[in-house]
Amino acid sequence: MTLRFYGSPETLAEDLKAETERLESVFSVTRPDSDFARLNADGRIAPAPETRDLAEKALALARETDGALNIALYPLVKEWGFTTGQYQIPEPDRIRELLPLTDWHRITLSDSSLAIDPGMALDPGSLAKGYTADVLTARLKEAGVTCALLDLGGNIQAIGTRPDGTPWQVGIRDPEGEGHLGILSAADTAVVTSGGYERYFTGPDGQVYWHILDPLTGAPARSGLLSVTVVGPAGWRADGLSTALFVMGADKALTHWRETGGYELVLVTEDHEVIVTEGLADRFTLSEPDTYTLKVWKHD
Ligand code: AMP
Ligand code: MG
């Protein structure tokens, strides 16, 4: 995590670090005393205000994306070994056994309680970083900071512009290479990428298995996309949507973008197309034109 900001008291950096650690201790499923770890162990908790808020947002996105974003997938994420790094390809029977335990409709949220059915487990990893970036952004703005760039491991949040007034330059990772495949000019926005390349393993069959799962199959989502970058005002929404649209694939992503709006996209396909939505056409520069072809999506 890298936080860069200008023109603020030095103590602010410590405050932001403490706030990030506090949110991690509430959200992280792998910390035994976090809200989500306790929920997964006990089936019901009195959630911290942030947990309640995050769960509500995750459920709203689940409804909006027809369950492509599903924080109840955790039993399967664990089974594949993505939590521990002890990767394995589960038997089809095992996946069939676990799928009924991933029904997000069975999450119950009220003012004072968050509950799940026995055997279920939640993992807010698909949007918790974006949510955290939003909290940090609010803190920075309250402190009067007008120029900042936050990088929470691939989740970028640009506050204002660079100190010289020009937009921040954000590199979009080449999912198949080491560097970036393009540069995006960004000001006052979140830029969040989900990609198979972030966490994956190669099975004994030579196939690559990555950490974003299709809730319908319980296996890594193969939708023809290598990465999805969402550019939009709210970090949590950009984060959740980048995961969901990766699952949905280019055609459904296009439909969602046209019908819902409020954000822009950079999609990288297996066929080496880089698709950007209209609003980014003037703000995106392809740096690997020999490998990738640029295509622009319009609203109609
Ligand atoms: P992200 O890096 O934001 O795309 O989030 C991916 C992480 O969210 C994975 O490492 C899993 O822990 C979890 N996850 C995987 N597939 C899904 C999904 N379809 N919906 C919600 N969370 C998921
Ligand atoms: Mg995400």
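What follows draws every value from the coordinates through simple rules; no lab data is involved. Here the structure is a predicted model, which is why all the values come from computation and not from measurement. A quick note on method: Cβ atoms are made from the backbone with ideal geometry, for glycine too, and the neighbour counts reach across all protein chains shown.
General observations
- Length released on extending from ASP53 to ALA138, taking residue separation times 0.36 nm less the Cα-Cα span: 29.1 nm
- Sparsely packed loop sites in the range 137-173 (the trypsin sites (Lys or Arg not before Pro) outside DSSP H, G, I, E and B with at most 14 other Cβ atoms within 10 Å) do not occur.
- In the range 200-300, GluC sites (Glu not before Pro) in a DSSP loop with at most 12 other beta-carbon atoms within 10 Å: none
- When the Cα gyration tensor is reduced to axis lengths a ≥ b ≥ c, the ratio a/c is 1.5 or higher for the range 83-163, and with a/b not above b/c it is classed as oblate.
- Computed magnitude of the charge dipole of the chain (debye, nearest 20; Cβ of K, R +1, Cβ of D, E -1): 340
- Ordering of 220-228, 241-249, 33-41 by packing is 241-249, 220-228, 33-41, highest average first (other Cβ atoms within 10 Å, averaged per residue).
- Separation in nanometres of the label points that stand 7 Å from Cα toward Cβ, at GLU91 and HIS180: 4.7
- Taking only alpha carbon atoms, the chain gives an Rg to Rh ratio of 0.96, where Rh is the Kirkwood radius.
- Global geometry of the range 194-300, whether rounded, prolate or oblate, following the gyration tensor of its Cα atoms and the 1.5 cut on a/c: oblate
- At R0 = 25 Å, FRET efficiency that the Cβ-Cβ distance of VAL296 and GLU270 yields, to 0.05: 0.85
- Projecting the Cα atoms of GLY203, SER112, PRO167 onto the dipole axis of the chain, where Lys and Arg carry +1 and Asp and Glu carry -1 at the beta carbon, places SER112 farthest toward the positive end.
- Pairs of lysines in the chain whose Cα atoms sit within less than 30 Å of one another amount to 17, provided the residues are eight or more positions apart or on different chains.
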